[in-house]
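Any read-out appearing in this document is the output of simple, stated calculations on the displayed coordinates, not a laboratory observation. Just so you know, these numbers come straight off a predicted model, no measurement behind them. All Cβ positions, glycine included, derive from the backbone under ideal geometry; neighbour counts span all protein chains shown.
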């Protein structure tokens with residue numbers, strides 16, 4: 001009797017497993033063990049000709065919007081006389097983003113080369129204003145001249161000559177410009193002078209999006225053919241295997257992916273590395289919490305709160321002389337010497353002194369955190385918000401009228417929120433994959449315990 005029951009139970013298990021296999025085969029994916037799960041997922045994620053993974057990389061099935069929030073300077077004359085800056089946030093001014101990749105070429109089975117191009121289109125229906133809106137904004141070219149003068153980097157010019165040039169061009173430290181001009185570019189006398197003197201290729205224009213729609217960089221990445229866990233990882237950028245902006249090899253490392261494709265099988269202790277040309281460095285995201293986005297269970301990863309810690313930056317070699325403080329990264333070395341700094345919006349996770357030096361800032365983790373939602377089995381980013389702030393350091397110069405009385409301050413000019421959301425169809429496929437992976441694990445756990 002016991003033998004018959006055992007035999008019947010065994011047959012039921014066999015029938016159940018066969019039925020499960022048929023079901024999984026019908027949707028194009030089945031798993032029997034950890035090894036087969038690994039093989040099935042990694043095989044799907046390899047970058048090969050005519051593969052879905054390659055199509056995903058070249059044509060991300062996602063909706064991407066970049067939202068700009070500008071800081072309108074309310075007391076420009078007061079700042080020139082030593083007052084604390086008073087700012088009013090304007091926005092969002094929302095742009096639809098299209099990612100394209102040109103010159104795609106397999107160098108061999110393990111290496112893929114391409115040039116990414118990002119093009120933006122204004123979306124008035126998703127914006128709080130129009131491109132014609134006028135704001136009072138920091139004159140960044142003039143700030144750059146003053147910064148370089150203070151650092152003694154303008155060769156052949158003394159303060160009298162710089163002052164005479166600024167006066168002749170009627171240069172102001174704060175200017176009124178439209179949102180469209182700031183984004184797309186406007187003619188600037190200092191930029192025209194720089195072009196004339198240095199033969200610079202800037203058409204005499206200043207733009208916050210100088211690379212919009214242009215081909216200015218190239219990547220060579222790993223296809224995952226030999227090692228699927230390396231899929232998407234950068235082998236070189238613009239022909240470089242490491243940067244030359246920083247003081248240490250660690251800081252100059254180019255590691256991780258370009259931010260559109262990630263290796264699979266994430267866990268809560270993973271550090272997800274990416275390289276950002278705009279940040280002039282690689283960085284890592286760390287686990288924050290479990291979540292669910294449109295039916296897809298996710299691991300949420302974000303920028304660690306100490307990503308721009310002064311001690312960490314100095315230890316890694318990101319500070320040329322000394323850091324201004326926690327929460328800000330000096331990117332002057334890769335932006336022509338202008339004292340530009342990256343931070344999180346409203347100086348989230350930065351020293352309180354940066355917030356207190358400005359009227360109008362309110363850091364809020366809910367709306368200012370840099371956060372990506374990953375489906376952990378495939379490593380696919382289901383959604384995310386890439387949020388960063390651009391700042392410039394203002395400092396006095398007794399010999400230049402524009403800067404005689406200003407107080408040293410790190411002035412925010414804008415922050416952006418690049419919002420990415422996968423198409424619903426892809427989310428459903430990810431949800432299926434994750435469901436069947438979990439189902440198989442449960443079945444084998446039950447089988448081992450019966």
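Just a few scattered comments:
- Using alpha carbons only: equivalent-ellipsoid semi-axes of the range 277-364, gyration tensor based, whole Å: 27, 17, 12
- Sorted by Cβ density within 10 Å, fewest first, the residues 346, 168, 373: 168, 346, 373
- Estimated at 0.36 nm per residue, the fully extended path between residue 105 and residue 306 surpasses their Cα-Cα distance by 68.5 nm.
- Rounded FRET efficiency, nearest 0.05, which uses the C-beta distance separating residue 134 from residue 395 and R0 of 30 Å: 0.65
- Nearest-0.05 FRET efficiency for residue 362 and residue 86, computed from C-beta distance (R0 22 Å): 0.95
- Förster radius 41 Å - calculated FRET efficiency between residue 424 and residue 187 (Cβ-Cβ, nearest 0.05): 0.40
- The length gained on full extension between residue 50 and residue 235, counted as 0.36 nm times the residue separation minus their Cα-Cα distance, comes to 64.4 nm.
- Separation of the residue 291 and residue 314 label points, Cα + 7 Å toward Cβ, nm: 3.4 nm
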